[in-house]
Amino acid sequence: MVSTTTMRPDVPVEKLDYTPQTVPPPELTPEQARGRTHYLNADNTLLGWLLTVDHKRIGMMYLLGVTLFFVAGAIAVGLVRTNLITPTGAILELDQYNKAFTAHGTIMLFLFLIPVVPGVLGNFFVPMMIGAKDMAFPKLNLMSFYVWAFGALFFIYQLMVGGLDTGWTLYPPYSTKYSHTNVLYAGLGIFITGFSSILTGLNIIATVHKMRCPGMTWGRLPLFVWAMYATSVIQLLGTPVLAVTVVMAAVEKLFGIGIFDPTIGGDPVLFQHMFWFYSHPAVYIMILPGMGVINEVLTCFARKNIFGYAAVAWSSVGIAVVGFLVWGHHMFLAGQGYYLSMVFAFLTMLVAVPSAIKVFNWTATLYGGVITYQAPMIHALGFIVLFTVGGLTGLFLGTMGTDIHLHDTYFVIAHFHYTMVGGMMFAWQAGLHFWWPKMTGRMYSDFWSRLAAIVMIVGFALTFLPQFAVGYLGMPRRYPNYPPEFQIYNVMSTAAAYIQGIGFIMPAFYLTASLFFGKSAGNNPYRATGLEWQTHSPPDAHNFPATPRVYFGPYEYGVPDGLALVDKLDAQHAHANGTHTAKEGVTSGS
Amino acid sequence: MFGFMETPPIYPDQASKFAVEYDYLFWYMSAVVAVGGAAVYALLIYCCFRFAKSPANTRPQRILGSNKLEIIWTVIPLLFFLSFFVWGARVWDTAIGIPPEAARREYFVVGKQWMWKVQDPDGLRQINEITLEAGVPVKVTGTSEDVIHDFGIPAFRSKFDVVPGRYTAAWYEPTRPGTYHLFCDQYCGQGHSQMVGKVNVLSGADYQEWKNGTYRTPFVNAAAMAGKATTKGPLDGSPAWRGRLLFHKLQCNGCHFTQSPDDPTPPKAPSLENLWMTKRELSDGRTVTASDEYLRTAIRNPTEHVRSGWKAIMPAFHTGLATELDIIDLTAYIRSLKPGDLPYRNEKSPTPIGGAPKASQGNPNPPAGPDGGKK
C-alpha cells in the first residue's frame, strides 16, 4: 500500500467546509473571467455548434431539443385536460381527443422523458464527474444526437399529416389493422430514436469504464454516474427488443402476415409481451437518472455524505436487473396464465424494494445535516415526497388481486404520473437548476426559482390526487366522455393542471433572463464536492485545466477545514468505506 | 347548472361478493401504505426542520451509513410487500376460479367497435347491457370480433380483456340490486368512451318479472314519498314508459311538476295528473274535454287553448323536437298519471332497465336477431 502522504494534494488550498474530490482551481479575477475562452464561446459559429464533438455542446443541443418537445407534449395535454372539464368533452371531437392524448404520451415518453436526463445532464456531466475530457466516442455522441433528431422529425411529420390515435402503447390489432392514422411514421420515429438511445447507452458505458481519471475508483463514482451506468445497460439491452417489436408491427401492417392477427393464427398478446419487455424497463430508463440527480442535490444542500453509498449504488443495479423481469404485470388481465402472472407479481414486489431503500437512504441522508432550501433542494424534496406516493401506489397495480379493478383506470394514470413527473420531471428540474450555473456560468433568480418550484409541486400534487379517487371509482383511462358523477374530480384535476402549467412556464423566463442579467456564478456556487465543480464556469472546452486526480469519495461535506484534514479523513474513509484498494484507487492513466 | 356540485361519490358501489373480498385487500394495503408513507413523511419533515441551517446548526455530522438500518428497511418493506403478493394472489385466485354453480349460468359477451353484445343462458340478447339476478352467481365468457376490448364493471371490481381469437372469462355474484356502470377499459379506437353500458341487478322477483316481460321500472314519485301508491312505473317498453322518459328528456317537468316540500318554486304550468278525458276551462271561457287530440294540440301548438289562470308560456314542440310517435308516447304517459305521479321539478328520470325483452312490446333496444342483430 502506498503511503497516504503520496495522495496528499501538493497545492495548498484555503480552508473549506467540505472536501472536494480533487484540488479546486483558484477562482478567476473578473479580468481573467472576461477574456476567458470556454466551451460556449470557443468556435462560436453555426457550424462550430452543429458539427461539435464536445459533449457539453451536444448536451446543450439536447436541452434545446427536449425543451421544444416538452412544450409540444404539454400543449397536447393542455387540450386533453381542458376537454375533460365537461363529461361530454368541452372542446375536442372524439378523434381529436384520441390524437391529443396519443401525441402527449408518445412525445413525452420517446422525445422527452427518455432522452432528457441522459441526453442533457448525462452528456454534459458524466465525463466531467469522472474527470474526463469528453465521452469515450465523441463522434458517436454527435451521431446519436442527430439520429435522435432525425427520428424526432418523423414524429413531427406524423403530427403534421394528421396524427396518431393508438395511444403510445400501439396495441395490435387496433394499430395494425383498424387504425387509419400514421402508425408507420410513428413507428419509424420510435425505431430511429431507439438507436440514439442505444448509442448513448453504449457511449456512457464505455466512458465510465475507460475514461475515469486517476483515483476515480468505482467506489468514488458519484451516484449520478452509477445511475447513468445502470440506465445505459437497460438502454443497450432493452431498446433492440423495442426496435424488433416495432418492425414486426410495421411488417404486419404493411403485408398483413399475421404475427399479431388472430384471424390468421397470430396472437395480439405476443405484441404486449414484446412491447412491455422494453417498455417496463423503459420506465426505469426514465426514473433511474432522476434518482441519480437526487443523490447529488440532496448531499450538497444537506452538507452530508450520502447515507449508505453502497446500498444506493447497488439498488440502481438491482432495479436495472430485476426491472427486466417484471413486464408481465402489465398483462394480468390479458388472458395471461395464472402461474406466469404469479412469477411476475412476485418479482414486481422484489423490484419495489430497491426504490424503497433509496427513499429511506435519502431521508436518512438529511439526518444530521445543515440544510438550506434553494431551488434544486426544493425540487429534490418534492421528488422524494411525490415519488413516494408514486411508488406506494404502484404496489396496488403490481399486486394481482388489486390490479383487477384498478387496471386501465385513472388510478394507473395518477400512479405513473407521480413516478414519471413527480419523480423524473422534478429530478430534471432539480438537476437543471443545480447545474445551470456550471453550464452557463450564470446564477438565476433565487426568489423566482423557489417560487416556481413550489408552484410546480403543489400544482402537480393537486392535479393527480383527484385521479387516484376517480380511478378507484372506476373511471377508465383514455375516455373523452365520462359519467357526470366523475366531473368534480376532473374539474379539480384540470384546475390544478393549469396551476402546474404556470409553474412550468416560469423557468423559461427566469432561466433565460439569467443568461443576460444573471450574476456570475463563480466556479462552485453551492460549495459542492464533485469533480464537475472543480473547474471554471462555464467549463473550458476540455473541461479541466489539467487532468484531475481524485483523492476522496464524492460526498465529503461534513468535514470542517476541508483538505487540511487529508490524512485523518483518508484513514477514516478507507476504514469506513473500504474504498481504498492497494492500488490507491488509480484505475486508469496517471 | 352546477350539477357536479352535488356530493361526489367517494367510494364505488360494492355490489358483488367479490367486491367485498377485494375491498378487504384494498383497505389492508391502503392502511399499510398510509402508515409507511406517513412514517417516511414524518422523518422527512422532522429532518427538514430539525436540521435546517441556523445559528445553532452549522456543523453537519459525518455519517456514512449503517448496515443494520439498511437491513431493517430492506426486510420490513419486503415482508409487507410479500404479504400483498400472497393475499393478492389469493384474491386473484377467487377472481379467476369460477365456481361450478356460476359455470352453470353462462353469459356470453362479444365486444366489437364500439358495442357490447350480451347473450344470457336462456338465449336472451341485450346490447350494451347485462341484466343479472341478485344472489345468483354467473359466469361471463367473452371474446372480440375486432380489436382488444375490456369488459369492466367497477361495482363488481371485475375486469377482463376481451381478446380476438381467445375466450376469456370472469364470474360475478351480484349482491345489491341497482344499476351500475359497464365500461370498456381497453383503448379500442374512436368510440372507446362510447362503448359503455349498464349492469342491471334485479332482485329475484323483479328478475322473474323482467324475464316475463312484466317488469316495471321503480321510481320515486311524490306519492311514493308520501308513503302511498306505487313506486313502479309503467310497464317497461310500453308507450307510457317511453313517454315518461321523453317527459324528462324534453324537460316537461321544468314547469309541469309537483312542488316538493324543500323547493319554494311553485309550478309554472298546470298539473297533468288525472287530466285525461276530464273537462277543463280555458282562458277564453270555453270548456273542453282533454282528449288525445286536445293533448296533441296542447303540445304542438300550446297557444291554441290556454288553461284559465295560467300564462301562455309553453313553447311549441314542433316535429323536430317531438315526432308524432313521441306525442303518442307522451299522451300515453299523461293518460297514466294518477295523483302523486307527476315528478318534482327538474327531477331526473331514474335509469330505466333495458326495456321489455319481447320486441312486440316495442323495446327501443330490440334484442339482436339470430343474424347478430343491428350493427
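Computed values, structure above
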quantity	calculated
Residue list for the range A:349-380, restricted to those being closer than 23 Å to A:Arg450 by Cα and in contact with a Cys (Cβ under 9 Å, 6 or more places away or on another chain)	A:Thr363, A:Thr365, A:Leu366, A:Tyr367, A:Gly369, A:Ile371, A:Tyr373, A:Pro376, A:Met377
Considering residues of the range B:156-173 that are more than 7 Å from every other protein chain (Cβ to nearest Cβ) and buried (at least 24 other Cβ atoms within 10 Å of the Cβ) only, the residue nearest to A:Pro483 (Cα to Cα)	B:Phe156
Residue tally, condition not in a loop (DSSP other than H, G, I, E, B) and not hydrophobic (A, V, I, L, M, F, W, C), over the range A:516-534	2
Residue match in the range B:94-107 (condition: part of a strand (DSSP E or B), more than 14 Å from every other protein chain (Cβ to nearest Cβ), surrounded by 17 or more Cβ atoms within 10 Å (Cβ to Cβ) and of a type outside the set (S, T, N, Q))	yes
Qualifying positions in the range A:433-487 - within 14 Å of another protein chain (Cβ to nearest Cβ), of a type in the set (S, T, N, Q) and in a helix (DSSP H, G or I)	A:Gln467, A:Gln487
Residue count for the range A:140-180, restricted to those that are touching a residue at least 40 places away in the same chain (Cβ under 8 Å), of a type in the set (A, V, I, L, M) and either within 14 Å of chain B (Cβ to nearest Cβ) or part of a loop (DSSP other than H, G, I, E, B) (or both)	2
The range A:335-352 - residue that is over 25 Å from B:Trp73 (Cα atoms) and without any contact (Cβ under 8 Å) to a residue 40 or more places away in the chain and, of those, farthest from the other protein chains (Cβ to nearest Cβ)	A:Leu340
Counted residues, the range B:129-143 - those being away from chain A (no Cβ under 14 Å) and in contact with a strand residue (DSSP E or B) (Cβ under 7 Å, 6 or more places away or on another chain)	9
Matching entry among B:Ala89, B:Ala56, B:Ala52 (being more than 48 Å from the chain's Cα centre (by Cα) and either at the interface with another protein chain (Cβ under 7 Å from one of its Cβ atoms) or touching a residue at least 12 places away in the same chain (Cβ under 8 Å) (or both))	B:Ala52
Qualifying residue in the range B:24-42 (condition: at the interface with chain A (Cβ under 7 Å from one of its Cβ atoms), under 26 Å from B:Ala134 (Cα atoms) and part of a helix (DSSP H, G or I))	yes
Among (1) more than 30 Å from B:His149 (Cβ to Cβ); (2) assigned to a helix (DSSP H, G or I); (3) more than 7 Å from chain B (Cβ to nearest Cβ) - the single one A:Thr393 does not satisfy	(1)
Total residues in the range A:25-82, condition among the β-branched types (Val, Ile, Thr), free of Cβ contacts under 8 Å to residues at least 12 places away in the same chain and assigned to a loop (DSSP other than H, G, I, E, B)	2
Residues that are more than 26 Å from B:Val91 (Cβ to Cβ) and acidic (Asp, Glu), drawn from the range B:167-202	none
Top-ranked residue in the range B:144-155 [being in a loop (DSSP other than H, G, I, E, B) and surrounded by 24 or more Cβ atoms within 10 Å (Cβ to Cβ); ranked as nearest to the other protein chains (Cβ to nearest Cβ)]	B:Val147
Cβ-Cβ under 6 Å pairs, at least 6 apart or on other chains, the range A:282-310 side among the basic types (Lys, Arg), far side in a helix (DSSP H, G or I)	A:Lys304/A:Thr365
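Each row is one residue, and each column tells you yes or no for (1) outside any helix (DSSP H, G or I); (2) buried (at least 19 other Cβ atoms within 10 Å of the Cβ); (3) under 21 Å from the mean Cα position of the chain (by Cα).
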| site | (1), (2), (3) |
| --- | --- |
| A:Cys213 | yes, yes, no |
| A:Thr231 | no, yes, yes |
| A:Gln235 | no, yes, yes |
| A:Val244 | no, no, no |
| A:Val247 | no, no, no |
| A:Gly266 | yes, yes, no |
| A:His273 | no, no, no |
| A:Tyr278 | no, yes, yes |
| A:Pro281 | no, yes, yes |
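Condition check ((1) out of contact with any helix residue (DSSP H, G or I) (no Cβ under 8 Å at 6 or more places or on another chain); (2) aromatic (Phe, Trp, Tyr)) across all residues:
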| residue | (1), (2) |
| --- | --- |
| A:Ile499 | no, no |
| A:Phe504 | no, yes |
| A:Ala513 | yes, no |
| A:Ala521 | no, no |
| A:Pro525 | no, no |
| A:Ala528 | no, no |
| A:His542 | yes, no |
| A:Val550 | no, no |
| A:Pro554 | no, no |
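Each value in this text was obtained by applying a stated rule to the coordinates, not by laboratory testing. If you're wondering where the values come from, they're calculated on a predicted model, not measured in any experiment. So basically every Cβ, Gly included, is an ideal-geometry build from the backbone, and we count neighbours across all protein chains shown.
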